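Heads up, the thing below is written out as structure tokens.
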Amino acid sequence: MLPLDRVSRHGICGWVLAVWLSFFIRTRKVALVKKPMVSFARLPRVVFMVGVAALLGSLAVHAHAAPVIDWVTVGDPGNAADTTGDPNPAGAVADSFQIMKFEFTNSQYTDFLNSVDASGTNPNSVYNPNMGSNARGGISFTSGAASGSKYATKTNMGDKPVNYVNWFDAARVSNWLMNGATGTSSTETGAYTLNGATSGDAPAVNSGATYYIPTGDQWYKAAYYKGSGTNAGYWDYATQSDTVPSAVTADGTGIGSAQGTGNSANYNFEADWNALNGNVTTVGTNGGPSAYGAFDMSGNVREWTGADNSSLAMRGGCWDVNFSSLSSSNRLAVAATADSACRGFRLVAPVPEPSTYAMALVGLACGGYFRFRRRKQA
């Protein structure tokens, strides 16, 4: 099944096409009755078009519920591991996969909170009060707000990476997305079997997960591998460079000075804004991407990875660390319950199979071609 947010971009088109085809068929009723032989000849095409409309319409169901997520594909399956980083070896991944182009943002996490906690009871502590009380947190809570609107992003913080999240929070977002991203979607089963756990060892990802926290090797490859082959080698930094990135500054709304290009990153307390000495900055504005197109894998916030050598780890460095924490040779082993202003996440997903939408478009194209051929031959 396709993840919902990947279908949503086609949902509106699907419904529009469905409505148009229904109107087309209704307006042809008289002609079909008056010319039965023609209607019989056209029946297969009409049935095909109705089928396409139904399929596209079904793809659109619930598409609005999931937050929009941009993905990049990490290819070159079966690539060689890096033997110079930490851990050693690292980065070898057998299959292609997708990873979020940007870190999970406050806006996206607010959507999650209002969906799974419409009444504001904070089940399984999915909301960390530091998100509201700390100036570097990006999400406020108002108990008196309407149901489904109790959480809101702070001014200028919607496009900043969510922080004050632990491993269990990221796992619950994975489950919610996998189960449809609605108010009734479970956060306790799906990608991970949690069943109310908020501490202890992090469970392994379940088979068939469609969203999950990247393994150490997946994260390492998406950040540092050079791409374009299975023996391409690795960069030291996730900006496609072996040279230490320069530290970005920020404007008054927290937009990084690099504007998403060049060998730069948000680290070392240089991005001062909101009257703070160093802060999170808008995702994708702090330097160039990795070879696969993922931004901020060096700097901004550390990111959760799955179990690696029997311990959880965070990678990528943060707005408040020096350059050494940005490199491929740095990983931070932490407990699954750890959270701070420097800790966020992004998710990975399997590469989707060719969608029914794409197959239908191919069918339409083929139908049009054969109709053209028949007319030409006639």
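The values are calculated or read from the model by the stated rules, or taken from the named source; none is laboratory data. As the structure is a computational prediction, the values presented were derived from the model and not from experiment. Backbone-built Cβ (ideal geometry, glycine too); neighbour counts: all protein chains shown.
Filter the range 183-212 for residues that are among the hydroxyl-bearing types (S, T, Y) and either exposed (fewer than 14 other Cβ atoms within 10 Å of the Cβ) or modelled with pLDDT under 95 (or both) and give the result. It would help to see each step written out before you state the result.
First, the residues of the range 183-212 that are among the hydroxyl-bearing types (S, T, Y): 184-187, 189, 192-193, 198-199, 207, 210-212.
T184, T189, S199, S207 - these are the residues of the range 183-212 that are among the hydroxyl-bearing types (S, T, Y) and either exposed (fewer than 14 other Cβ atoms within 10 Å of the Cβ) or modelled with pLDDT under 95 (or both).
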Kindly indicate whether any position in the range 291-302 is surrounded by 22 or more Cβ atoms within 10 Å (Cβ to Cβ), in contact with a helix residue (DSSP H, G or I) (Cβ under 9 Å, 6 or more places away or on another chain) and not in a loop (DSSP other than H, G, I, E, B). yes
Return yes when T215 is under 23 Å from N88 (Cα atoms), surrounded by fewer than 21 Cβ atoms within 10 Å (Cβ to Cβ) and either of a type in the set (V, I, T) or within 23 Å of the chain's Cα centre (by Cα) (or both) and no when it is not. yes
Quick one: would you say A223 is under 28 Å from T121 (Cα atoms), modelled with pLDDT of 95 or more and either touching a Pro at 6+ places or on another chain (Cβ under 9 Å) or surrounded by 21 or more Cβ atoms within 10 Å (Cβ to Cβ) (or both)? no
From the list T243, T282, T253, pick out the single residue that is of a type in the set (S, T, N, Q), touching a residue at least 60 places away in the same chain (Cβ under 8 Å), more than 22 Å from G216 (Cβ to Cβ) and surrounded by fewer than 18 Cβ atoms within 10 Å (Cβ to Cβ). T253
Just name the residue that is modelled with the lowest pLDDT out of those in the range 57-74 that are of a type in the set (G, A, S) and surrounded by 16 or more Cβ atoms within 10 Å (Cβ to Cβ). A63
G233 - would you say it is modelled with pLDDT under 95 and of a type in the set (G, A, S)? no
